[in-house]
Every structure is written in C-alpha cells, then in structure tokens.
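Enquirer: One structure, as structure tokens, below. Some questions next.
Each reported figure results from applying straightforward, stated rules to the coordinates on display, with no laboratory input. Quick caveat, the model's predicted, so the values are computed rather than measured. When we count neighbours, we look across all protein chains shown, and the Cβ atoms used for this are built from the backbone with ideal geometry, even at glycine.
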Amino acid sequence: MTSAAEPTPRTLDVPAVRARFTALDRPLAFFDGPGGTQCPDEVIDAIAAYLRSSNANVGAPYETSRRTDELVAAAHERAASFLGCDAGEVAFGQSMTALNFLFTRALARELEPGDEVLVTRLDHDANVAPWLALADDLGIVVRFVDVTDELALDLDDLERNLSGRTKVVAFPAAANSVGTAPDVSRVVELAHGAGALAWVDAVHYGPHGPIDVAAWGCDVLICSPYKFFGPHMGLAFGREELLRSWRPYKVRPAADEPVGHRFELGTSQHELLAGFVAAVDYVGSVGWEAIVSHERELGERFLAGLPGEVTLHGLPTMTGRVPTFCFSVAGHSAQSVAEHLATRDVAVWWGNYYALETMRRLGLDEVDGAVRAGIVHYNTAEEVDRLLAGIAELA
Ligand SMILES: Cc1ncc(COP(=O)(O)O)c(C=O)c1O
C-alpha cells in the first residue's frame, strides 16, 4: 500500500491508470468487471517473477523456499490490510464459492435441526446454495429476506424474519446482478441483536470501495481477488474466536496456527499470492477516494443517458448502489442485446448472474435474465457513451 508519506491521489488520472494495463490497449470496452476485472501488468509480472525466481514449496531451508515463506507471510499481511483484520484471520482458497462451502461446513458441525439461516433475494447463489444444502443435510431452515420493488434490501423484512433460532444472516455487501449495496453495518447490527453471525459476501463490492471488517463488525467475509484486479482465487476473513471455535476439515500434519491456516487446504497457489500482493498494492496506489468518485461520475453519466424505453432493474440513482447496471430492452432478448453490443466493441454480459432469487423476484426468464453492464475505475466516459449509443440503436 502507499505509505503515509505518499498520499494517494484524490482524483483519478484515467489515462495513467489505463497505461498500467496492457489488456486495456484494444478497442473493446470492458463492462464485464462483475465477472472478473482485467489485471494491471504489475500483477501479471509478479506472477511470472515468482515462477521464475522463487518457485518452491514452503518450509525448506533453501533460498526459493525461504522466499516462498516470505511471500506467503506478505500475502496474509496484505490481505489483513485490505480487509481490516489480523493476518491470522485470513484464509486464501480456490474461490469464494469453495471457501464458503468450507466455512459453512465447519460451522455446520455445530448446527442443529430447526436452526435458522437468513439469506437475501440479492445474493449470488454462492451465498445461498451452501445453506440450502445444509437444510437438506441437517434439517436447518433457510429463509429469504425480500427486497423492495427498487431492489434495495428490505430491512423491515429482515427484522421480521429474525428469531431466537437465527444463527446466521448471510448477505452481500453489493449485489453482482443489480448493484444494490446494502448498509452492511446496519445488517450486522440487526444480526448481532438477534444473537446471529453476520456473514458477508463481498465479492462484488471488492473493486468498488474499501472493506473494513472491524468497522463493519462482521464475523465472516469472503471475496475474490480476481474481481479487484488480481488473479483467480478466493479470500476469506473469519473472526479469530469464531475460527478457533470450529472444528475444521483438515489433514493432521498441517499447522493449526495461525488459525486461518486451518482452512487453507493443501499447497497454496503461491504464484497467485504474488499476484494478489501486487493487486492490493495497485489499488493502494490508485486510492479509494479517486476510484469511488470516478465510478460515481460514470454511473451518473450512464443513468442520465439511458434511453427511456430501457427498463433499469434496480436503484435509479447512485445512492445505495455500485455502478453495476442490470437492464432489459423491450423487444430484445438479453442475449441479443449483449451480442449487438459486442459488434460495437462493448463487452457486457447477459443471463441470471447466479442471482436466481433476484431474477425470480423481477419475473425475468431464469436463463436469458437481463443485460448487465458493470463499470469499474478503468472505464472512461467515452466507453460509457459508446455503451449508451449501442443500447440506443436497439431502443
Ligand atoms: C456476489 C458474488 N458472490 C460470489 C461469487 C462467486 O465467486 P467465486 O467465483 O470466487 O466463487 C460471485 C462471482 O461472480 C459474485 O459475483
């Protein structure tokens, strides 16, 4: 991260940022960040450099292994600074989905039939299916917290669903389908008020704003570095006492300390840890203040320019959301809109985004779903205008 002596910039120098990404040096405008962002060259270089000069397994007394030990420690330190926790509370893994199955299984050893878990209609299935499987396996009860018609999280419905049997409230810090960013601290407060754990999916929030698990007070938070300019892997935080209280599924000789390591199964993806360190340093050098204000500006530009004939699914202003926009164009399938935009060198997704309950709540086809355009800080005003022009050709 940038040191205190080098204050991070408050406004974004977009050309300078883009010059750090070889991947952006092409006509295609990437609005597919919600599916995974591009990597700056420094991330790619760090991965290659590790494999060239430090490749080894951990714990041996020779040069490359020692370097790998240092890298593993540095990656946990960077993760701690990125998330606002202690390095020992961090676990890296294959993906958010894999880590969530792992954490939910460890907790499940303490659950009893009739215990309740709340999930929301904004969640990606990676924060729903692990709990539904436990309902099948153990007889726990999974309840869905509703959303308002504008797709804000319905906090009144959340309160109505809380009970003395609620063990977990699982929810997203931002919805990957429609961009809603619930008030995380408020949901944590409600969960804790009922004696439940607050279990945050921060995958989609990751590239859009600073995470602070200490300030938010959550018990578990899982995200994915490939959504914030890093390599394909998952990253989990668990509150230390909570992780200590679980019986992890692990092999016997693997170290029990630091406690997060109990949930890192087998040999880590060392080269990806090197890329992760570079990604966190990249974000630090750009600065959240500059990222947030640029994204907000582009989000407002998109909303102001969206043709009236297009149906936006979600909050109509930049308040309470990140700049991920889900929409339908009357008379056109989502797939055909995405295909049309691709011919204009605009990359967007179509489909359900694994947010099945959101699609059902919107009454959308569960396969075709809606179009999704996700803005991140490396996008430009010209790209947003090209996206809007492509949509206008159909609307
Ligand atoms: C909000 C959200 N949660 C969870 C996931 C799953 O993440 P992973 O691919 O790391 O398993 C995604 C992936 O798109 C997501 O957007």
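Enquirer: Please give the charge dipole size of region 47-283, origin at the Cα centre, charges +1 on K and R Cβ atoms and -1 on D and E Cβ atoms. Round to the nearest 20 debye.
Expert: Computed charge dipole of region 47-283: roughly 780 debye.
Enquirer: Put +1 on the Cβ of each Lys and Arg and -1 on the Cβ of each Asp and Glu in the chain; which of GLY139, PRO27, ASN161 then has its Cα farthest toward the positive end of the dipole?
Expert: Sorting the options by dipole projection puts first GLY139.
Enquirer: Assuming 0.36 nm per residue, please report the length gained on full extension of the stretch ASN57 to THR148 beyond their Cα-Cα distance.
Expert: Value of the extension gain: 27.7 nm.
Enquirer: Send over the semi-axes of the chain's equivalent ellipsoid, whole angstrom and largest first, taken as the square roots of 5 times the C-alpha gyration tensor eigenvalues.
Expert: Details: eigenvalues 214, 169, 61 Å².
The answer is 33, 29, 18 Å, longest axis first.
Enquirer: If you don't mind, there's one more thing I want to ask. For ALA370, enumerate residues with amide H under 5 Å from its amide H, sequence gap 5+ or separate chain, H modeled in the peptide plane.
Expert: GLY351
Enquirer: Just PRO248, PRO323, PRO113 to compare: in a GNM of the chain, with alpha carbon springs under 10 Å, which one fluctuates most?
Expert: PRO113
Enquirer: Report the extension gain between ALA304 and THR319 in nm, rounded to one decimal, defined as 0.36 nm multiplied by the number of residues separating them, less their alpha carbon distance.
Expert: 4.0 nm
Enquirer: To the nearest 20 debye, what charge dipole does the chain have about its Cα centre, counting +1 at the Cβ of each Lys and Arg and -1 at the Cβ of each Asp and Glu?
Expert: 580
Enquirer: Roughly what % of DSSP beta bridges within the chain run antiparallel, to the nearest 5?
Expert: In the chain, DSSP labels about 50 percent of beta bridges as antiparallel.
Enquirer: Would you work out the relative contact order for region 194-249, in percent, from Cα pairs under 8 angstrom that are 6 or more residues apart?
Expert: Values: 67 pairs, mean separation 17.0, N = 56.
The value is 30 percent.
Enquirer: Positive end of the charge dipole of the chain (Lys, Arg +1 and Asp, Glu -1 on Cβ, about the Cα centre): tell me which of ALA87, HIS294, GLY179 has its Cα farthest that way.
Expert: Toward the positive end, the furthest listed residue is ALA87.
Enquirer: Please report the base-10 log of the normalised intensity I(q)/I(0) for region 211-267, using a Debye sum with one equal scatterer per alpha carbon and no solvent, at each q in 0.18, 0.22, 0.27 (1/Å).
Expert: -0.73, -0.97, -1.13
Enquirer: Another one. Given N residues in region 258-300, what is its alpha carbon radius of gyration divided by 2.2 N^0.38 Å?
Expert: Normalised Cα radius of gyration, region 258-300: 1.74.
Enquirer: Of all DSSP beta bridges in region 47-283, what percent run antiparallel (nearest 5)?
Expert: On the way: 9 of 25 bridges.
In region 47-283, approximately 35 percent of DSSP beta bridges are antiparallel ones.
Enquirer: Using the Karplus curve 6.51 cos²θ - 1.76 cosθ + 1.60 with θ = phi - 60°, what ³J(HN,Hα) values do you get for each residue of region 331-342, in whole Hz, with x for Gly and Pro?
Expert: With coefficients 6.51, -1.76 and 1.60, one gets x, 10, 5, 4, 4, 5, 5, 4, 5, 5, 5, 4 Hz.
Enquirer: Further question on the same structure: GNM on the chain, C-alpha springs below 10 Å: top fluctuator among ASP125, ASP256, ASP212?
Expert: It is ASP256.
Enquirer: Given H placed 1.01 Å from N in the peptide plane, which residues other than close sequence neighbours of VAL90 have an amide H under 5 Å from its amide H?
Expert: When sequence neighbours closer than 5 places are left aside, the close amide H contacts are GLY260.
Enquirer: Taking neighbour Cβ counts within 10 Å as the exposure measure, how do PHE82, PHE276 sort from fewest upward? Let's see the in-between values first.
Expert: Numbers: PHE82 25, PHE276 29.
The most exposed by this proxy come first: PHE82, PHE276.
Enquirer: I've got another one for you. What base-10 log of the normalised intensity I(q)/I(0) is obtained for region 47-283 from the Debye formula, alpha carbons as equal point scatterers, at q = 0.11, 0.16 Å⁻¹?
Expert: Result of the Debye calculation: -0.55, -1.10.
Enquirer: Then there's this: What's the Cα-based Rg to Rh of region 122-211, Rh via Kirkwood? Please report the intermediate quantities before stating the final value.
Expert: Details: Rg = 12.8 Å, Rh = 13.5 Å.
Value, to two decimals: 0.95.
Enquirer: Can you give the calculated 222 nm mean residue ellipticity of the chain, where each DSSP H run of n ≥ 4 adds -39,500 (n - 2.57) and the sum is split over every residue, rounded to the nearest 500 deg cm²/dmol?
Expert: Numbers: 14 runs with 155 residues, N = 395.
Computed mean residue ellipticity for the chain: -12000 deg cm²/dmol.
Enquirer: Sticking with this one: How big is the dipole moment of region 203-307 about its Cα centre under a simple scheme where the beta carbon of each Lys and Arg is +1, that of each Asp and Glu is -1, and everything else is neutral? Debye, nearest 20, please. Please list the in-between numbers first.
Expert: Details: 9 positive and 13 negative charges, 86 e Å.
For region 203-307, the charge dipole is close to 420 debye.
Enquirer: Find how much the distance from ASP25 to ASP365 grows on full extension, using 0.36 nm per residue of separation minus their present alpha carbon separation; answer in nm with one decimal.
Expert: 118.9 nm
Enquirer: Would you work out if region 191-334 is rounded, prolate or oblate? Take a ≥ b ≥ c from the square roots of the eigenvalues of the alpha-carbon gyration tensor; rounded if a/c is under 1.5, else prolate when a/b is larger than b/c, oblate otherwise.
Expert: It comes out prolate by the Cα gyration axes.
Enquirer: Taking amide H atoms as placed 1.01 Å from N in the peptide plane, list the residues 5 or more away in sequence, or in a different chain, whose amide H sits under 5 Å from that of VAL145.
Expert: Answer set, sorted by chain and number: VAL119, THR120, ARG121.
Enquirer: How large is ³J(HN,Hα) for each residue in region 108-119, as worked out from phi by the Karplus curve 6.51 cos²θ - 1.76 cosθ + 1.60 (θ = phi - 60°), to whole Hz, x for Gly and Pro?
Expert: 4, 4, 10, 7, 10, x, x, 5, 10, 10, 9, 10
Enquirer: Let me ask you something else. Hey, what's the Cα Rg ratio for region 34-165 versus the globular rule of thumb, 2.2 N^0.38 Å? Please list the in-between numbers first.
Expert: On the way: Rg = 20.4 Å, N = 132, 2.2 N^0.38 = 14.1 Å.
In units of the globular-protein estimate, region 34-165 measures up at 1.45.
Enquirer: Shifting gears a bit: Measure out, as a whole number of angstrom, how far apart the alpha-carbon centroids of region 191-217 and region 61-114 sit.
Expert: 17
Enquirer: Mind running the shape call on region 294-361? Use the C-alpha gyration tensor, a ≥ b ≥ c as the square roots of the eigenvalues: rounded below 1.5 for a/c, prolate if a/b tops b/c, oblate otherwise.
Expert: Verdict is oblate for region 294-361.
Enquirer: Return the loop-located chymotrypsin sites (Phe, Trp or Tyr not before Pro) in region 4-81 (DSSP other than H, G, I, E, B) with at most 10 other Cβ atoms within 10 Å of their own Cβ; answer none if there are none.
Expert: TYR62
Enquirer: Using θ = phi - 60° and the Karplus form 6.51 cos²θ - 1.76 cosθ + 1.60, what ³J(HN,Hα) does each residue of region 121-138 get, whole Hz, x for Gly and Pro?
Expert: 6, 9, 6, 5, 4, 5, 10, 10, 4, x, 6, 5, 5, 6, 4, 5, 6, 10
Enquirer: Moving to a separate point now. With springs only between Cα atoms under 10 Å apart, run a GNM on the chain and tell me which of TRP246, TRP350, TRP288 wobbles the most.
Expert: TRP246
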